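Report on one structure; see the data block that follows.
The values are calculated or read from the model by the stated rules, or taken from the named source; none is laboratory data. As the structure is a prediction and not an experimental result, all values here were calculated from the model. Cβ sites come from the backbone with ideal geometry, for glycine too, and all protein chains shown count toward neighbours. Protein only, heavy atoms only, side chains kept; ligands, DNA and RNA dropped before computing areas. Shrake-Rupley method; radii C 1.70, N 1.55, O 1.52, S 1.80 Å.
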Amino acid sequence: MILFDRAAAEAAAAAEAAEAERRAARKNKKKRGGSNTRPDQASSTPGPASEAGVASGTPDGPPSQQARSAWAAAAAIRAAKRDRKRYERAEVRRFTVASRRRRRTWLISGGALLAMVLVVAGTAFSPMMALRIVTVEGAQRVAPTQIVAALSDQLGTPLPLIDLGAVREKLAGMSLIQSYSTESHPPDTLVIRIVERDPIGARATDAGFDLVDSAGVLISSSPERPAGYPLLDAPTPTALAAAGEVVRALPADLRSSLDSVKATTRDDVTLQLAGGPAVVWGSADGSVLKATVLARLLAVAPGAAHYDVSSPSSPVYS
């Protein structure tokens, strides 16, 4: 580090004063050269400029030792200032290298992320991702071709732009579909997974029989009683929901031997098995446990005409 040198500063001031004197001497010499004074008179009479030139090292005489020292000191001061500026710039770079590295890392990462987003967005919304294939899974009573035809207006639409509201509206109009889910398989496939309504029994009507689920939604109609389904006697939605809960809790062999289900409320469900035995079920609560107890009673007392599992911890048969 270069410190302040007082002697050098004084020498620099002296050099500036000497330079001012030289300029004044040159100016006076030009004036003498342009005057009417004879040359011998001008040269015989020493003027103040000549004396100043001898004393201070003007063009009339060689530079004095003091002036040369002053010039050297001024040059050293300028060099020291330049060195100081270079040093300060180097220190700034040294102390900011971490922040510059972080900024460079952030810029590179941000640029890469932006490029990736642009590429993904450009690909996702391009014709390369247009819907061409609709696959239906889980449909048994509903024809898959019916679902595909209903969604034909979405063909050619990029997968991210498919109108799911329109899809929901089309599938909601199909009474056999209880729920569904959609899944996109790039580049061009939409998978529709269907959960169909589960019929629990048939209701007798003037025209024949209506196969319904536990919500009372009509699944199919026929003039004859559907095989494998019990007759339902449940006048209210609550009673029908309770009957459906009981039917779904029965194992497959018991469900196939069920002849009828009667319920007026949720707490008084009664089953009639094929061949005559009646089952007092009681409330629809705990239907899974009651179904297990009933299967055990049928195995222990197959000839009984009456079973009561309304209290599954104390079942009764007679």
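Odds and ends about this structure:
- Neighbours by Cβ (under 6 Å, 6+ apart or cross-chain): first from the range 301-318, more than 11 Å from Trp281 (Cβ to Cβ); second buried (at least 17 other Cβ atoms within 10 Å of the Cβ) and among the hydroxyl-bearing types (Ser, Thr, Tyr): Ala301/Tyr317; Ala304/Tyr317; Tyr317/Tyr307
- Under the condition of being in contact with a helix residue (DSSP H, G or I) (Cβ under 9 Å, 6 or more places away or on another chain), exposed (fewer than 15 other Cβ atoms within 10 Å of the Cβ) and among the small types (Gly, Ala, Ser), the residues counted in the range 144-170 number 2.
- Val191, sole failed condition from (1) outside any strand (DSSP E or B); (2) open to solvent by less than 30 Å² (accessible area, probe 1.4 Å); (3) more than 30 Å from Thr265 (Cα to Cα): (1)
- Pairs, first within 19 Å of Arg255 (Cα to Cα) and open to solvent by less than 40 Å² (accessible area, probe 1.4 Å) in the range 213-233, second assigned to a strand (DSSP E or B) and of a type in the set (Lys, Arg), C-beta under 6 Å, six or more apart: Leu232/Arg203
- Criterion: in contact with a helix residue (DSSP H, G or I) (Cβ under 8 Å, 6 or more places away or on another chain), polar (S, T, N, Q) and in a loop (DSSP other than H, G, I, E, B) - qualifying residue of Ser175, Ser184, Ser214: Ser214
- Filtered residue count, the range 125-169, keeping only those that are under 28 Å from the mean Cα position of the chain (by Cα) and touching a residue at least 40 places away in the same chain (Cβ under 8 Å): 8
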